Structure formats: structure tokens, C-alpha cells
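Comments concern the structure below.
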Amino acid sequence: MSDKLKFEPNEAPAGGWGALNATAKVLRHQRTMVKGGRSLLAMNQPDGFDCPGCAWPDPKHTSSFEFCENGAKAVAWETTEKRVTPEFFAKWTVTELDQQSDYWLEDQGRLTDPMRYDKATDKYVPVSWNDAFALIGRELRALEDPNQAEFYASGRASNEAAFLYQLFARLYGTNNLPDCSNMCHEPTSVGLPNSMGLGKGTIVLEDFEHTDAIFIIGQNPGTNSPRMMTELHNASRRGVPIVVFNPLKERALVRFANPQDPIEMATGGSTRIASEFCQIKVGGDVAALKGIMKLVIEADDAARASGQPAVLDWTFIEEHTIGFEALAEDLRLTKWDEILEVSGLPYDQLVRVAQIYMNAKSVIACYGMGVTQHVLGSDNVQQVANLLFLRGNIGRKGAGINPVRGHSNVQGARTVGVDEKPSKALLDQMGRIFDFEPPREHGHNVVHALEAMIEGTCKIFIGLGGNFVAAVPDTPRAIAAMRKLRLTVAITTKLNRGHVVHGEEALILPCLARSEIDFQESGPQSITVEDSMSFVHASGGLHVPASENLKSEIAIVCGMARATLLNTRIDWKAFEDDYDLIRDRIEAVFTNIFKDFNTRIRRPGGFRLPNSATDRIWRTPSGKAQFNVFKGVDENPQVPHAEMLRMSTVRSHDQYNTTIYSMDDRYRGVYGSRMVVFMNKEDMAARGIEPGGPIELEALNNDGIERKLRNFTALAYDIPRGSIASYYPETNALIAVSYNDQKCQTPASKSVPVLVRAMAS
Ligand SMILES: Nc1nc2c(c(=O)[nH]1)N[C@H]1C(S)=C(S)[C@@H](COP(=O)(O)OP(=O)(O)OC[C@H]3O[C@@H](n4cnc5c(=O)[nH]c(N)nc54)[C@H](O)[C@@H]3O)O[C@H]1N2
Ligand SMILES: Nc1nc2c(c(=O)[nH]1)N[C@H]1C(S)=C(S)[C@@H](COP(=O)(O)OP(=O)(O)OC[C@H]3O[C@@H](n4cnc5c(=O)[nH]c(N)nc54)[C@H](O)[C@@H]3O)O[C@H]1N2
Ligand SMILES: [Mo]
């Protein structure tokens with residue numbers, strides 16, 4: 001075991017004083033005690049700013065401060081007093097910066113000035129905003145084909161910035177709008193429309209108060225959407241059964257002490273969360289869901305045969321769905337030995353879970369990356385919908401589907417048009433409102449963009465937020481591909497890998513963060529965001545910006561557009577001066593859903609976008625909700641190798657995607673290093689690996705490219721045999737670009753086939 005690494009599994013509940021202590025520590029580390037503290041009080045309040053941490057909605061009827069450890073970390077890292085100035089860049093060559101860790105890069109603080117890469121000195125040097133925009137305009141205009149440019153977006157950008165960004169890309173002539181949701185909830189956007197005519201969740205926060213059972217599948221709310229714990233804590237207190245499917249016994253899903261609860265805080269008490277913890281094998285969810293549905297259908301057969309009340313909601317099935325017969329037939333034929341083998345769950349447990357499902361009048365099913373990031377991720381998502389349809393658990397109080405989104409505005413960016421596969425209707429409307437002929441050919445998603453870079457057909461990469469090169473699969477190939485580009489542009493707040501891995505020409509364009517005052521010609525501006533439950537609300541910053549030389553994302557997009565589209569009739573300057581004008585245009589394009597946008601956004605709490613499935617309106621070709629049959633029980637192709645293990649790449653408690661807050665993962669008991677692999681003891685023994693011993697990982701792919709990582713440490717952990725877990729992005733090098741969801745190319749980061757070997761220590 002490396003000197004720095006400590007492994008001390010603990011059984012303590014999540015949350016509680018540990019969470020408060022961790023918050024104080026991060027505020028101190030970022031030297032933002034006062035400002036960070038003040039920010040926390042203004043976060044998610046009607047007149048404050050939206051937490052940049054996650055997309056979980058805010059309770060409507062509280063005005064009190066809702067504590068969230070990881071929201072606090074996100075804000076502390078944004079409001080940090082540390083700065084990355086031109087003097088900083090003068091000290092370091094880019095080659096030297098590239099030697100530093102991801103943690104170190106982001107920890108240097110906020111970017112203060114626009115910078116341009118200078119080949120002669122291998123350093124970033126200051127550049128004026130105008131020169132930076134002019135360079136982008138020149139380079140974009142010089143491309144033979146607009147499809148040689150990629151316009152990437154990460155889900156932090158506001159609706160207004162995202163809307164203008166996609167407009168800019170399409171006016172320029174491409175639909176190449178890869179975005180972070182291509183690596184995240186794309187299987188939701190692709191799978192659910194087929195099931196229910198809408199690619200979003202159907203519940204609102206209040207549904208948790210009326211539900212009778214909650215399923216949490218492949219999601220780690222204690223770390224990734226901590227405010228959801230308030231709902232789970234309250235539900236558990238009400239005696240609501242909570243069923244969890246997760247290969248790892250995540251602490252917060254076992255027991256949680258709510259920092260909001262004075263009694264628990266004073267007495268050191270805590271509340272159990274999962275009433276049934278299904279420690280499933282990686283990639284076993286379809287098998288488990290099919291097993292549960294099989295039991296429910298059999299129970300209905302039996303009940304009806306003996307004259308008992310039906311178990312299924314036949315009124316719902318007959319009135320609202322199609323495809324039930326095919327589903328039932330497939331489930332009847334699905335064999336128990338396969339279900340049990342692939343899920344790794346005992347039969348008795350599946351019987352108990354089916355019972356919980358059948359006893360509950362209303363059920364909410366929440367899911368995250370453990371469901372989406374598989375080769376058949378989109379199909380996996382549809383099985384969650386199937387389960388809910390069986391008893392009419394959609395579009396009624398206390399029931400529904402809840403895909404828990406990642407980035408705080410990833411859902412909104414999609415709603416306002418960041419979509420590489422735009423519908424004809426969207427393009428027609430965009431063309432009509434802005435008087436141009438949009439490109440019709442579908443553009444690149446993240447995997448297609450990466451492939452184009454690797455092949456050399458892509459020349460320019462622009463990133464509106466995010467950290468593409470670190471977030472995508474196949475790290476070494478992604479890095480090499482990025483370096484071949486003609487121009488890379490990073491519109492960001494903090495230094496990251498995407499700045500030190502760059503094209504021949506490179507720009508860093510630093511932008512305002514959400515917690516900062518955005519002052520334009522017409523006065524202070526607010527932006528809008530959409531949360532996981534389709535609520536759109538305004539967000540306005542309160543801090544003095546990190547530097548006088550920052551621009552808002554909107555101003556940057558307008559600057560790039562003006563410098564690129566020389567004949568444009570669009571008044572980009574007017575948009576930049578007054579964001580109300582952008583919202584008017586969003587309303588003009590999306591007439592129905594954003595009606596009276598500027599008026600409604602000024603109401604505290606904003607408004608909810610129409611959600612057809614909540615109203616039991618099914619915008620599918622048949623006009624009905626669709627049961628989708630999943631053939632077999634394998635979410636991932638079989639790999640013919642007896643030694644193969646399925647590796648799931650997950651987040652630690654101290655990271656925000658590629659932003660690493662520290663080397664610790666308190667809830668899993670790992671301190672000081674992230675180069676670890678969680679393994680079952682018996683899998684270790686079978687390979688002659690000592691606990692804490694050094695290991696080598698090798699990906700099993702069929703593209704002939706060797707992908708290996710060495711010097712990781714094996715930790716003996718409570719995880720099913722055959723499954724292992726490691727951290728993202730450290731193990732992204734093992735994921736082939738081509739290893740992804742067949743329907744939407746979301747990298748299958750939760751089911752990577754690998755071999756693990758002991759190394760000589
Ligand atoms: N603090 C913090 N908050 C975040 C983020 C962050 O990095 N840090 N990221 C944001 C983003 S962009 C997103 S998308 C969300 C991500 O939030 P989550 O969806 O919670 O993401 P992960 O941590 O990747 O993994 C989720 C869980 O799936 C489990 N799992 C792994 N494989 C499987 C499987 O095959 N089946 C099942 N049932 N479970 C499995 C893992 O053990 C883990 O507990 O969080 C958002 N919020
Ligand atoms: N193996 C593996 N890979 C994964 C995943 C996984 O679970 N496993 N998860 C995938 C998922 S779900 C996602 S969403 C992607 C994440 O992919 P990205 O969204 O591309 O990555 P982030 O790490 O969230 O981006 C961090 C950077 O955003 C910039 N930033 C922060 N705030 C702002 C802001 O307000 N404005 C702007 N313009 N920039 C800002 C900062 O400079 C910071 O360095 O990664 C994916 N990759
Ligand atoms: Mo995400």
C-alpha cells in the first residue's frame with residue numbers, strides 16, 4: 001500500500017457532524033470563510049443563486065437554509081480567494097503544468113484573464129478579449145466545412161447561454177453540439193421517450209410526502225445529490241420502505257444523520273435509510289427488475305385465478321399502455337437461474353422487494369449513473385418505466401419516475417436546444433425565428449466528436465464549461481487527439497486538464513461564476529436554470545466577480561458569434577446587454593413551454609415546464625405508454641474470458657466530476673489516494689492479490705488496442721464477486737471510445753470488462 005493511502009472502513013452513519021466538519025475544512029482550505037459562508041445562506045433562496053452543485057430541486061415552502069456538504073464544497077471552490085493570474089502563467093510552462101495532478105490544477109484558484117497559448121515560450125500569455133474573439137472568428141471561417149468544429153457544452157451553462165450557444169453553432173453551419181449529458185443521462189433522453197413520450201422525470205418534490213415506497217437504483221444521493229437525503233430521511237421516519245440496488249453499501253443509503261435535525265445532531269442519533277439493501281452485481285439491474293416484474297405478474301395471475309383483487313393496475317394498463325402481452329410473455333419465459341446469476345441477488349430478497357412494490361399504493365423510482373452507463377443503458381431505463389407502469393405508478397400523486405440529473409442545468413440546456421440530433425420541428429422554428437436555413441444533418445455527440453478528433457477530421461474544439469478531455473473515455477487517445485487540433489477554446493472558471501492539453505492555437509476564456517454579480521449595460525442580470533423536476537427559476541449572483549476582466553458566458557458566446565458571423569442580422573450586442581431579450585427569443589422558439597417567460601421567471605420559485613407524462617399524456621407514436629421488452633437479462637455483451645471482472649467507475653465523496661476536492665473518500669474509508677480498486681476478498685485471493693497490494697488492470701476489448709493501468713492498490717471491500725469499482729476519471733484510460741450504449745453512445749463507464757493481476761510489490 002502506498003505511504004499516503006489509508007484504508008479505514010467505517011460503519012458510522014453519513015451526514016451529521018462529520019458533514020459539518022468537512023464543510024468548515026473546505027471553506028478554510030479555499031480561504032473563503034466569510035464569503036463562502038455568506039454564499040451558503042443565499043444559495044437556492046428565491047432571491048439568491050442556484051447551487052452549482054447538482055440539479056436537485058429546492059423545497060418550495062422553506063425559506064430556511066438547507067445545509068448540504070457537497071453544495072458547500074462546490075461553492076467554496078467557486079468563491080475561493082485563490083487566483084490564477086497572468087503572473088501565474090508567466091511562471092509555468094504548459095509542459096510543467098501538465099505534470100501536475102487534476103487536484104492541483106483546480107486548486108490553484110479562479111482564472112482571472114483571457115490567455116492565449118504561445119508556442120515559442122510554451123506558456124499562456126495574456127490576450128485581449130477582442131483579439132481572442134477575432135482569432136476564433138478567423139479560424140472558424142477558415143474551415144472548409146463547419147462540421148470540422150465541435151461546440152461542446154457542460155451542464156453548468158444557463159438556459160440563456162446554452163440557447164445562444166446552440167444558435168451560434170447552427171448559424172455557423174453545424175449541429176455538432178456534443179454535451180456532457182451524452183455521457184450521463186442520454187439513455188434517459190433516448191429510452192424514456194419511447195416508453196412514455198418524454199425524456200424527463202415525472203415527479204415533484206412533494207410526491208415524496210405522499211409515496212408509499214421508494215426505489216433507488218444505481219445512485220448515490222448522500223454524495224451526489226445530498227439534499228435528496230432530506231426527502232429520504234423524512235420518508236424513512238414515516239415508515240416508508242426504501243429499496244436500494246447498489247453493488248456498494250453506500251453509507252448514506254444505509255444510515256443517515258440529518259444535519260437539519262436538531263435532535264439527531266444533539267444526541268448523535270441517525271435514521272436507517274434502506275429497508276432492503278439489494279447488493280446487486282455490477283450490470284445486474286435488468287435481471288433484478290425482470291425478476292421483480294415476473295413475480296408481480298405471477299402474483300396477479302394467482303390472485304385473479306383465486307378470485308382475489310388484481311395486483312396489476314388493469315385500468316391503467318388497458319387505458320394507457322400498449323405492449324403488455326409481449327412483456328408478460330417474455331417475463332414468463334425468463335429463467336430464474338439467469339436472473340439470480342446475473343443480478344447476484346438471492347431469490348428471497350427479490351420476493352421481499354416484489355412484495356414491497358405490490359403493497360405500496362404509490363411508488364417512486366429514482367435512478368442514476370448505475371442504470372444509464374451500460375451498453376444497454378437506454379433499455380435498462382425502460383425497464384424501470386415498465387415496473388412502474390405495471391401498477392400505474394406514473395402520473396399520480398406520490399408516484400413516478402425520477403432520473404436524478406447531474407449538472408445543475410444539464411436538463412435546461414437540453415430543453416433550450418443544445419441537442420446534436422435536433423428534431424425537424426426545432427430546426428424549422430429556429431430557422432423561422434432567426435431567418436436562416438439551419439443545417440439539417442445530425443451533428444456529433446461526445447463519442448462522435450471524440451472519434452472525429454481521433455480520425456483527424458475535427459479541427460476546432462470549443463468547450464462552454466466542462467473538462468472534455470478528462471471526462472471522456474480512452475484518456476490517452478483523447479489527449480493525443482486533442483493535441484492534433486488546430487484550435488482549442490476553453491470557456492471556464494478554473495484551470496483543468498483541458499487547458500494544458502490543447503491544440504496548436506489555444507485560448508482560455510475565463511467566465512463569471514453563478515455566485516457572482518453579472519452587471520451588463522441594462523443593469524444586473526439574472527439567468528435561469530431548470531432542475532431535475534422541470535422547475536425553471538432565476539438565479540442571480542451576489543459576489544463581486546473574481547476579477548474585473550471576466551465576462552459572462554453569454555457575453556463570451558455573443559463575442560464569438562459577432563467575430564465569426566460577419567453577415568449576421570442578429571443583434572448579439574443587444575442580447576449581451578439585456579438577458580430579457582434572450583428570454584423573449586427562447587419564448588418565441590418554444591412558444592408553448594416558455595409562455596410569458598420573463599413574467600413568470602420573476603415570481604419567486606419560478607415555474608414548472610409542462611410535463612406531459614405527469615398528466616398521463618403520452619407523446620409516443622401510439623399515443624400510449626409503451627411496455628418495452630428486454631430480451632435476455634444482460635445489459636452488457638458477454639465477454640468470453642473466465643477471469644473477467646466488471647469494473648464500475650464511480651465518484652468519491654470529495655470530487656465534482658473531474659474536479660477533485662481532496663484525495664479522501666470519507667464514507668468509503670479511503671484516505672490519501674484515489675488510485676485504488678474496490679474488490680471482493682475472494683476475487684483477490686483467486687488472483688493471488690494481497691489486501692493493499694499493488695495491481696495492474698487491463699481492459700478487455702476487441703479493437704486490438706492495449707489499455708493497461710499499473711500501480712493501483714487493491715482494497716478488500718464489501719462488493720459482490722465478479723464486480724469491482726474504481727474512481728473516475730483515473731480509470732477512464734481503460735474505457736474504449738467504442739464501448740458505449742448502442743442507441744445513444746453514452747460510454748458504458750459502469751460496466752467495463754477488465755482483468756486484474758497482482759504486481760510484484
Ligand atoms: N458532490 C458531487 N455531486 C455530483 C457530482 C459529483 O461528481 N460530485 N456529479 C454530478 C453529476 S454530473 C451526476 S451525473 C450525478 C451522478 O450521481 P450518481 O448517479 O450517484 O453517480 P455515480 O457516483 O457515478 O454512481 C452512482 C452509484 O451507482 C452505483 N453503481 C455502479 N454500478 C452499478 C450498477 O451496475 N448497478 C447499480 N444498481 N448501481 C451501480 C455506484 O456504486 C454508485 O453508488 O451527480 C451530480 N452531483
Ligand atoms: N468513467 C467515467 N467517466 C465519466 C463519468 C463516470 O461516471 N465515469 N461521468 C460522466 C458524467 S455523468 C458527466 S456529466 C461528465 C462531466 O463532464 P464535464 O461536465 O465536461 O466535466 P466537469 O468535471 O463537470 O467540468 C469541470 C470544469 O467546469 C468548469 N466550470 C465550473 N463551473 C463553471 C461555470 O459556471 N461555467 C463554466 N463555463 N465553466 C465552469 C471548471 O473550469 C471545471 O474545471 O463526465 C462523464 N465521464
Ligand atoms: Mo453527469
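Structure above, values below:
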| read-out | value |
| --- | --- |
| Test for residue 303: is it of a type outside the set (Asp, Glu) and either touching a helix residue (DSSP H, G or I) at 6+ places or on another chain (Cβ under 7 Å) or crowded, with 19+ Cβ neighbours inside 10 Å (or both) | no |
| Residue 470, sole failed condition from (1) closer than 12 Å to residue 737 by Cα; (2) in a helix (DSSP H, G or I); (3) touching a Pro at 6+ places or on another chain (Cβ under 9 Å) | (1) |
| Breaking point among (1) surrounded by fewer than 22 Cβ atoms within 10 Å (Cβ to Cβ); (2) in a loop (DSSP other than H, G, I, E, B); (3) touching a residue at least 12 places away in the same chain (Cβ under 8 Å), for residue 280 | (1) |
| Of all residues in segment 323-347 being part of a loop (DSSP other than H, G, I, E, B) and without any contact (Cβ under 8 Å) to a residue 24 or more places away in the chain, the one that is nearest to residue 297 (Cα to Cα) | 335 |
| Filter result for residue 350 (surrounded by 15 or more Cβ atoms within 10 Å (Cβ to Cβ) and part of a helix (DSSP H, G or I)) | yes |
| In segment 427-438, the residues that are surrounded by fewer than 19 Cβ atoms within 10 Å (Cβ to Cβ) and in a loop (DSSP other than H, G, I, E, B) | 435, 436, 437 |
| Selection count where residues are outside any helix (DSSP H, G or I) and farther than 26 Å from residue 49 by Cβ, scope segment 544-589 | 7 |
| Filtered residues of segment 118-135 (kept if in contact (Cβ under 8 Å) with a residue 60 or more places away in the chain and touching a strand residue (DSSP E or B) at 6+ places or on another chain (Cβ under 6 Å)) | 124, 127, 132 |
| Conditions (1) within 21 Å of residue 199 (Cα to Cα); (2) at pLDDT 95 or above; number of the one not met by residue 405 | (2) |
| Filter pass, residue 125 being modelled with pLDDT of 95 or more and outside the structural domain of residue 569 (by TED's automatic domain parsing) | no |
| Residue match in segment 114-126 (condition: buried (at least 22 other Cβ atoms within 10 Å of the Cβ), of a type in the set (Phe, Trp, Tyr) and away from ligand 2 (no atom under 15 Å from the Cβ)) | yes |
| Condition check for residue 449: more than 30 Å from residue 633 (Cβ to Cβ), within 16 Å of ligand 3 (Cβ to nearest atom) and of a type in the set (Gly, Ala, Ser) | no |
| Subset tally (residues that are in a loop (DSSP other than H, G, I, E, B) and either touching a helix residue (DSSP H, G or I) at 6+ places or on another chain (Cβ under 7 Å) or outside the structural domain of residue 175 (by TED's automatic domain parsing) (or both)) for segment 439-467 | 9 |
| Near pairs, Cβ below 8 angstrom, 6+ apart or cross-chain, from segment 636-651 (over 13 Å from residue 677 (Cα atoms)) to any residue that is among the basic types (Lys, Arg) | 636/646; 643/687 |
| Residue 208 vs. criteria closer than 16 Å to residue 369 by Cβ and of a type in the set (Phe, Trp, Tyr) | no |
| Qualifying residue in segment 677-692 (condition: touching a Phe, Trp or Tyr at 6+ places or on another chain (Cβ under 8 Å), surrounded by fewer than 19 Cβ atoms within 10 Å (Cβ to Cβ), within 24 Å of residue 250 (Cα to Cα) and not polar (S, T, N, Q)) | yes |
| Top-ranked residue in segment 395-408 [being assigned to a loop (DSSP other than H, G, I, E, B) and away from ligand 1 (no atom under 11 Å from the Cβ); ranked as surrounded by the fewest Cβ atoms within 10 Å (Cβ to Cβ)] | 397 |
| Members of segment 415-425 that are surrounded by fewer than 24 Cβ atoms within 10 Å (Cβ to Cβ) and either touching a helix residue (DSSP H, G or I) at 6+ places or on another chain (Cβ under 7 Å) or not small (Gly, Ala, Ser) (or both) | 415, 419, 420, 421, 422, 424 |
| Selected residue [at negative phi, within 16 Å of ligand 2 (Cβ to nearest atom) and not in a strand (DSSP E or B)] from 635, 643 | 635 |
| Qualifying position, being outside the structural domain of residue 549 (by TED's automatic domain parsing), crowded, with 24+ Cβ neighbours inside 10 Å and either more than 25 Å from residue 586 (Cα to Cα) or at pLDDT below 95 (or both), among 155, 191 | 191 |
| Evaluation of residue 603 against (1) free of Cβ contacts under 8 Å to residues at least 24 places away in the same chain; (2) closer than 30 Å to residue 374 by Cβ (one fails), failing number | (2) |
| Condition met for residue 466 (crowded, with 24+ Cβ neighbours inside 10 Å and within 22 Å of residue 179 (Cα to Cα)) | yes |
| Entirely in segment 142-239, the helices (runs of 4 or more DSSP H) that have 3 or more residues that are more than 16 Å from ligand 3 (Cβ to nearest atom) | 159-172, 186-196, 207-210, 228-237 |
| Selection count, segment 12-28, where residues are touching a residue at least 60 places away in the same chain (Cβ under 8 Å) and of a type outside the set (A, V, I, L, M) | 5 |
| Test: residue in segment 498-505 that is within 17 Å of residue 461 (Cβ to Cβ) and part of a strand (DSSP E or B) | yes |
| Filter result (touching a residue at least 12 places away in the same chain (Cβ under 8 Å) and over 22 Å from residue 427 (Cβ atoms)) within segment 567-598 | 573, 576, 577, 578, 579, 580, 598 |
| In segment 707-742, the residues that are β-branched (Val, Ile, Thr) and either in a loop (DSSP other than H, G, I, E, B) or not assigned by TED's automatic domain parsing to the domain that holds residue 672 (or both) | 719, 731, 735, 737 |
| Among residues of segment 249-283, those that are of a type outside the set (D, E, K, R) and touching a Lys or Arg at 6+ places or on another chain (Cβ under 9 Å), counted | 10 |
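Here's the yes/no breakdown for (1) surrounded by 18 or more Cβ atoms within 10 Å (Cβ to Cβ); (2) in the same structural domain as residue 692 (by TED's automatic domain parsing); (3) not acidic (Asp, Glu):
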| residue | (1), (2), (3) |
| --- | --- |
| 619 | no, no, yes |
| 625 | yes, no, yes |
| 653 | yes, yes, yes |
| 657 | yes, yes, yes |
| 665 | yes, yes, no |
| 668 | yes, yes, yes |
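The values are calculated or read from the model by the stated rules, or taken from the named source; none is laboratory data. This structure is a prediction, so every number in the text was calculated from the model and none was measured. Ideal geometry is used to build each Cβ from the backbone, glycine not excepted, and the neighbour counts take in all protein chains shown.
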